[in-house]
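Here is the structure we will look at.
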Amino acid sequence: MEEKTAYIGLGTNLGDREKYIKSALKLLKENGNIEVARVSNVIETEPLGSANQPKYLNAVAEIKTTLSAEDLHETLIGTESSLGRTRREKWSPRTIDLDLLLFGNHIINGPDLTVPHPQMHLRSFVLKGLCQLNAELLHPVIKESIKELATRLNGCDFIHNPNLPQLISIAGIIGVGKTTLAERLSKLLGCKLLLEPYDKNPFLPKVYAGKKELALDSQLYFLTARTKQLNPDILPPGRITISDYFFDKELIYANLLLNRQQLVLYKKIYPQFVTKVVPPVLIIYMTDSPQKCLERIHKRNRPYEQKIKLQFLEALAAGHQRLFARWKTCPVIRISMSEFDCTRAGDIEHLANQVKYYVAA
């Protein structure tokens, strides 16, 4: 049978953890149909699900094998059993866990085996190990490199929760194309669309015209309107909703538009609203040069936007970059508008296909 390259995730949080990792690798090496080619560094991670258990040691092994994916899967289960693995509830402590992450470029959706591993793109501890072994490896389903998938998690691990609303929020500065993308994605995915009520804000045109004394009124209008739109009692659990804004941008705008006295008051009010909105399960962060965004703003010719200055857009862009550099709430798919085109069906379809793997709908 043709030899295939496969990747195995190893994890343990009971007993002598290092010994269990070494023992599992030894047993795999002793199998005549498996060659352990390379092993990533072993890292310590927090447990998924219940935090009331020991920390894990995790690693990824690259193997060469003549076994079928199904036979390899059975071999991994047998290896776990020989090392004392007891199968209980999901994410329970275990002596050893061996997951078949990738098997060549095969896509398998069987009753007992799914390849690629359906959650690997949400696990930094898996992607870090894979990046050490082959960062440019392409995920057979998502069609993005392991390196790109790892970047989206910013070092965090995430879990699908179908009991929560599946909110996808589009982020980016004014003029980058958020509404266009949100509208086209919602049509492809057949889901609810939320548009920010900028055209209903009675204070916004005056603020952009220079009446800074109304900046707090404008920010509070947006704060209350968006809180109403993103109310968990309105957005159904397990259903996808796409918004052309993300709630956390409120503080970026507040820091730029409000004077010191207004900002002090706003920051006292803001935390009371944060707890009342649905957090996103995915952010799609659109980027482009502020100059190109300003050109789009002039082209679409909304009267109250025509006094927006390049300096303001540059400050918005810097604020977004700082925020997403430390973002830990959910995965972030970054889209450069120099490479992505909302008018190209292929670009939108590729993005929509990826989105499906980051939601629990």
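Looking at Glu74, is it in contact with a Leu (Cβ under 8 Å, 6 or more places away or on another chain) and either of a type in the set (D, E, K, R) or surrounded by fewer than 15 Cβ atoms within 10 Å (Cβ to Cβ) (or both)?
Against the criterion (in contact with a Leu (Cβ under 8 Å, 6 or more places away or on another chain) and either of a type in the set (D, E, K, R) or surrounded by fewer than 15 Cβ atoms within 10 Å (Cβ to Cβ) (or both)), Glu74 does not qualify.
Tell me, please, whether a residue that is assigned to a loop (DSSP other than H, G, I, E, B) and without any contact (Cβ under 8 Å) to a residue 40 or more places away in the chain can be found in the stretch 271-284.
Checking the stretch 271-284: at least one residue is assigned to a loop (DSSP other than H, G, I, E, B) and without any contact (Cβ under 8 Å) to a residue 40 or more places away in the chain.
State yes or no: is Leu67 in the same structural domain as Leu127 (by TED's automatic domain parsing), of a type outside the set (Phe, Trp, Tyr), surrounded by 18 or more Cβ atoms within 10 Å (Cβ to Cβ) and within 24 Å of the chain's Cα centre (by Cα)?
When the stated conditions are applied, Leu67 does not pass them.
In the stretch 81-100, is there at least one residue being modelled with pLDDT of 95 or more and farther than 16 Å from Arg17 by Cα?
Looking for residues that are modelled with pLDDT of 95 or more and farther than 16 Å from Arg17 by Cα, one finds at least one in the stretch 81-100, hence yes.
Looking at Leu57, Leu113 in this structure, which one is in the same structural domain as Asn134 (by TED's automatic domain parsing), surrounded by 18 or more Cβ atoms within 10 Å (Cβ to Cβ) and touching a strand residue (DSSP E or B) at 6+ places or on another chain (Cβ under 9 Å)?
Answer to the check: Leu57.
Name the pairs: first residue in the stretch 321-339 and closer than 17 Å to Lys147 by Cα, second residue hydroxyl-bearing (Ser, Thr, Tyr) and in a strand (DSSP E or B), Cβ to Cβ under 8 Å, at least 6 apart or on different chains?
Val332/Tyr285; Ile333/Tyr285; Arg334/Tyr285; Arg334/Thr287; Ile335/Tyr285; Ile335/Thr287; Ser336/Thr287
Looking at the stretch 87-101, I want the residues that are loosely packed, with under 14 Cβ neighbours inside 10 Å and have a partner that is at pLDDT 65 or above with Cβ atoms under 7 Å, at least 6 apart or on another chain. Which pairs are those?
Lys90/Gly49; Trp91/Pro47; Trp91/Leu48; Trp91/Gly49
Are any of the residues in the stretch 306-322 of a type in the set (Val, Ile, Thr), over 29 Å from the mean Cα position of the chain (by Cα) and within 18 Å of Pro205 (Cα to Cα)?
There is at least one residue in the stretch 306-322 that is of a type in the set (Val, Ile, Thr), over 29 Å from the mean Cα position of the chain (by Cα) and within 18 Å of Pro205 (Cα to Cα).
Any residue at all in the stretch 247-267 that's under 23 Å from Arg326 (Cβ atoms), exposed (fewer than 15 other Cβ atoms within 10 Å of the Cβ) and not aliphatic (A, V, I, L, M)?
yes
Return the pair list, or none, for Cβ contacts closer than 7 Å from residues in the stretch 27-42 that are surrounded by fewer than 18 Cβ atoms within 10 Å (Cβ to Cβ) and among the charged types (D, E, K, R) to residues that are at pLDDT 95 or above and in a helix (DSSP H, G or I), at least 6 apart or on different chains.
Close Cβ pairs (under 7 Å, with a partner that is at pLDDT 95 or above and in a helix (DSSP H, G or I)) amount to Arg38/Leu133.
Quick one: count up the residues across the stretch 175-234 that are among the aliphatic types (A, V, I, L, M), more than 18 Å from Ile297 (Cβ to Cβ) and either without any contact (Cβ under 8 Å) to a residue 60 or more places away in the chain or touching a Pro at 6+ places or on another chain (Cβ under 7 Å) (or both).
Looking only at that region, the number is 9.
Name the one entry in Ser218, Ser243 that is crowded, with 16+ Cβ neighbours inside 10 Å, under 20 Å from Pro202 (Cα atoms) and assigned by TED's automatic domain parsing to the domain that holds Trp327.
Result of the check over Ser218, Ser243: Ser218.
Is it true that Lys267 is farther than 25 Å from Met286 by Cα, in a helix (DSSP H, G or I) and under 29 Å from the mean Cα position of the chain (by Cα)?
Against the criterion (farther than 25 Å from Met286 by Cα, in a helix (DSSP H, G or I) and under 29 Å from the mean Cα position of the chain (by Cα)), Lys267 qualifies.
So, in the stretch 1-26, of the ones that are small (Gly, Ala, Ser) and either farther than 23 Å from His106 by Cα or within 23 Å of the chain's Cα centre (by Cα) (or both), which residue ends up surrounded by the fewest Cβ atoms within 10 Å (Cβ to Cβ)?
Gly15
Out of all the residues in the stretch 140-152, which are surrounded by fewer than 22 Cβ atoms within 10 Å (Cβ to Cβ) and closer than 21 Å to Ile240 by Cα?
Hits for the stretch 140-152 are Val141, Ile142.
Mind checking which pairs have a first residue in the stretch 132-145 that is over 22 Å from Glu349 (Cα atoms) and a second that is among the aliphatic types (A, V, I, L, M), Cβ under 7 Å, 6 or more apart or different chains?
Leu133/Val60; Asn134/Ile146; Ala135/Ile146
The values are calculated or read from the model by the stated rules, or taken from the named source; none is laboratory data. The model shown is predicted, which means the values in this text are computed figures rather than measured ones. Quick reminder, even Gly has a Cβ in these numbers, built from the backbone with ideal geometry, and neighbours come from all protein chains shown.
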